[in-house]
Amino acid sequence: MSRPSTHADGDIVRDFLSIADLLEEPQLAQLYAYLVRADEATVQDVMDELDLAQGTAYNYVNRLVDAGVVAVTHDEQPRRYAAQEIDLTVSTAVGDREYTITPALIDAVGRRQTNADIETYIDRHGVAGLATALTYAVARDRGEVTHRLMASDLDISPLAAEMILQALRPVVHEYYDIEDTGAGLEELDVGSGAADDA
């Protein structure tokens, strides 16, 4: 999260817990991701875009403002809000892995409510696993890896790799500069019994 390095340890812990809320609550993640894409918006915009009731929209926006990941950009009515940049690296206790929490990862987490493949992947591999899959999804769309290489590296089935790569493709194209070269468009033949591997 872009904040001055003079923050006290308590502030760092508070910042991390605020971001953890985004990763635990898909609707908060969706709201944050919407504000990243929109640059700024009103609560009415949030209600319309995310199909939220007025009370829920105000509650979520206020929670994100209190957490410091959303700021008021225009204080007169109607107030406008914008997402604050998040870029936080986290180390996991399991496997000594590191991953970075970015707006793209938060957006991917927010899509778990509407995308069963992302939901299943998070259930099986956690947010750290989704962060790794997002890294592979970027590399795949740049033509640097295939779903089979990802499957081999992560010890998952090729079908599971292809499914999460396809599910993350809209996120990749929203947040990363990907040339439309056709790279990464290889398709897995799911009609050949590959589903048994998942």
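The values are calculated or read from the model by the stated rules, or taken from the named source; none is laboratory data. Just so it is clear, the structure is predicted and the values come from calculations on it, not from any experiment. Quick reminder, even Gly has a Cβ in these numbers, built from the backbone with ideal geometry, and neighbours come from all protein chains shown. Ligands, DNA and RNA are excluded from the accessible area calculation, which covers all protein heavy atoms including side chains. Shrake-Rupley method; radii C 1.70, N 1.55, O 1.52, S 1.80 Å.
Residue by residue, here is whether (1) open to solvent by 80 Å² or more (accessible area, probe 1.4 Å); (2) at pLDDT 95 or above; (3) over 25 Å from Glu174 (Cβ atoms); (4) basic (Lys, Arg) holds:
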{"position": "Asp39", "(1), (2), (3), (4)": "yes, no, no, no"}
{"position": "Leu52", "(1), (2), (3), (4)": "no, no, no, no"}
{"position": "Asp66", "(1), (2), (3), (4)": "yes, no, yes, no"}
{"position": "Val70", "(1), (2), (3), (4)": "no, no, no, no"}
{"position": "Gln77", "(1), (2), (3), (4)": "yes, no, yes, no"}
Would you confirm whether any residue within region 60-73 is in contact with a helix residue (DSSP H, G or I) (Cβ under 6 Å, 6 or more places away or on another chain), in contact (Cβ under 8 Å) with a residue 24 or more places away in the chain, in a helix (DSSP H, G or I) and farther than 13 Å from Leu28 by Cα?
no
From (1) without any contact (Cβ under 8 Å) to a residue 40 or more places away in the chain; (2) open to solvent by less than 40 Å² (accessible area, probe 1.4 Å); (3) within 16 Å of Leu28 (Cβ to Cβ); (4) not charged (D, E, K, R), pick out the condition that doesn't hold for Ala131.
(3)
Kindly check whether there is at least one residue in region 178-195 that is modelled with pLDDT of 90 or more, open to solvent by 40 Å² or more (accessible area, probe 1.4 Å) and part of a helix (DSSP H, G or I).
no
Out of Asp87, Asp141, Asp123, Asp117, sole residue that is more than 18 Å from Ala38 (Cβ to Cβ), within 13 Å of the chain's Cα centre (by Cα) and acidic (Asp, Glu)
Asp87
